[in-house]
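Step one of this worksheet: look at the structure below.
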Amino acid sequence: MAQKMILDLDTGIDDALAIAYALGSSEVDLIGITSEYGNVLTERSVVNSQQILHLLGHPDIPVYLGAGHSTTTNDFSVLPISAEIHGQDGVGELHLTEPHPEMVTESAVDFILRACQEYGADLSIVATGPMTNLALAIQKDLPTLKKVGQIVIMGGALTVGGNVSPFAEANISQDPEAADLLFKSGLPVTMVGLDVTLRTLFTRTDTAEWRALGTPAATAYADMVDYYIKAYEVTSPHLHGCALHDPLAVAVAIDPSLVTTFPLNLKTEIEGPSRGRTIGNNARLDDPTTRTAVCVQVDTPRFLTEFKARIGHLLAP
Ligand code: RIB
Ligand code: CA
């Protein structure tokens, strides 16, 4: 039976790749997308997800409005670096014009809790934006959330530096308190951080293969990822490609054997220059009830093979 999956996204370009990876995987039944602020405003994240779902032939999957700002602020503005990497619209200035459906009225948090109640251990939540919706769900009803099978997050950095500060990765830095609450909640969390995502890179040679497929979806994905690669050529020229952050988290939720994990009780530093750093929780280093694990190594060739096969199949005529 396919695992039920919720994607919690701040829908930028690699979030759109996460959607494609999930839809291209027969092991997954994508039951809904919940929206976060981050790469874009939350309302824009909803529209982007709806348009991507439409483009990929799945317009009926519901998209839920989630948090518009962090748990410690009252509003949110998109950072210039996010707009540079993902475009003003979050999807590489694709200007998708397909009509998008009416927004569903149930909130992201209520949907997450309802799904945990209904599917329990069969449910995976993959979160690739700030951890705010999960933190709000924890605050609202942790016992129900604890019925979930697994939570896989794209966020954090344990063995490498950050990408928005020397210490902090972008998703964690948007709401460090939310991430800290998640790590200390007792929920089963696998952290897919920069430690592994910066080892999974996609190039213009790869997008040319998509473009050659000739479908509207393949052309849109090639255009979108070329935009993302162009931004990486400016911000991280040494990588010679773009990092497949968010789809790797989906892949790990489906097949944990793609990575090597290190069990560690985690915390997020919330004070001073290291605010947003994900690191071991000194107070619980010997606590045997470890529910959090950090991915420290990835089988890059096998992941890239799966990535190309699954998304290539989805984009093909
Ligand atoms: O640091 C990378 C993460 O930040 C990715 O999830 C990207 O989409 C942005 O949200
Ligand atoms: Ca993201």
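The condition of being surrounded by fewer than 17 Cβ atoms within 10 Å (Cβ to Cβ) and touching a Pro at 6+ places or on another chain (Cβ under 6 Å) holds for only one of Val104, Val164, Val160, that being Val104.
The test for being more than 23 Å from Asp223 (Cβ to Cβ), within 16 Å of ligand 2 (Cβ to nearest atom) and surrounded by 20 or more Cβ atoms within 10 Å (Cβ to Cβ) does not hold for Thr11. Of the numbered criteria (1) surrounded by 17 or more Cβ atoms within 10 Å (Cβ to Cβ); (2) on the phi > 0 side of the Ramachandran plot; (3) not aromatic (Phe, Trp, Tyr), the one Leu187 fails is (2).
What residue, of Val250, Val225, is over 24 Å from Thr71 (Cβ atoms) and in contact with a Cys (Cβ under 8 Å, 6 or more places away or on another chain)? Matching residue, one of Val250, Val225: Val225. Among the criteria (1) over 16 Å from Met154 (Cβ atoms); (2) polar (S, T, N, Q); (3) within 14 Å of ligand 2 (Cβ to nearest atom), the one Ser45 does not fulfil is (1).
Scan the stretch 238-263 for residues that are touching a residue at least 40 places away in the same chain (Cβ under 8 Å) and more than 21 Å from the chain's Cα centre (by Cα) and the total you get is 0.
Going by what's in this entry, would Gln88 be described as of a type outside the set (Ser, Thr, Tyr), without any contact (Cβ under 8 Å) to a residue 40 or more places away in the chain and closer than 17 Å to Met224 by Cβ? Taking the combined requirement at face value, the residue satisfies it. Of all residue pairs spaced 6 or more apart or on separate chains, those with beta-carbon atoms under 7 Å, a first member in the stretch 122-141 that is under 23 Å from Ala251 (Cα atoms) and within 16 Å of ligand 2 (Cβ to nearest atom) and a second member that is in a strand (DSSP E or B) and small (Gly, Ala, Ser) are Leu134/Ala127. Kindly establish whether Leu113 is hydrophobic (A, V, I, L, M, F, W, C) and farther than 26 Å from Ala217 by Cα. In short, yes.
Mind checking which residues of the stretch 28-71 are of a type in the set (Val, Ile, Thr) and either without any contact (Cβ under 8 Å) to a residue 60 or more places away in the chain or surrounded by fewer than 22 Cβ atoms within 10 Å (Cβ to Cβ) (or both)? Result: Val28, Ile31, Ile33, Val40, Thr42, Val46, Val47, Ile52, Ile61, Val63, Thr71. Just checking, does the stretch 163-174 include any residue being farther than 26 Å from Thr290 by Cα, in contact with an Asp or Glu (Cβ under 6 Å, 6 or more places away or on another chain) and away from ligand 1 (no atom under 12 Å from the Cβ)? No, every residue in the stretch 163-174 fails to be farther than 26 Å from Thr290 by Cα, in contact with an Asp or Glu (Cβ under 6 Å, 6 or more places away or on another chain) and away from ligand 1 (no atom under 12 Å from the Cβ). Screening the stretch 265-294 for residues that are small (Gly, Ala, Ser) and surrounded by 14 or more Cβ atoms within 10 Å (Cβ to Cβ) and picking the one that is nearest to Leu187 (Cα to Cα) gives Ala293. When the helices (runs of 4 or more DSSP H) confined to the stretch 147-260 are screened for residues that are touching a helix residue (DSSP H, G or I) at 6+ places or on another chain (Cβ under 7 Å), those reaching at least 3 such residues are found at 176-183, 204-211, 216-235, 245-254. With respect to Ala127, determine if the residue is more than 12 Å from ligand 1 (Cβ to nearest atom) and either closer than 18 Å to Lys267 by Cβ or crowded, with 23+ Cβ neighbours inside 10 Å (or both). The answer is no for Ala127.
A short reminder: the numbers here are calculations on the coordinates, not readings from a lab. Everything quoted here is computed from the prediction, not taken from an experiment. Neighbour counts run over all protein chains shown; Cβ positions are idealised from the backbone, glycine included.
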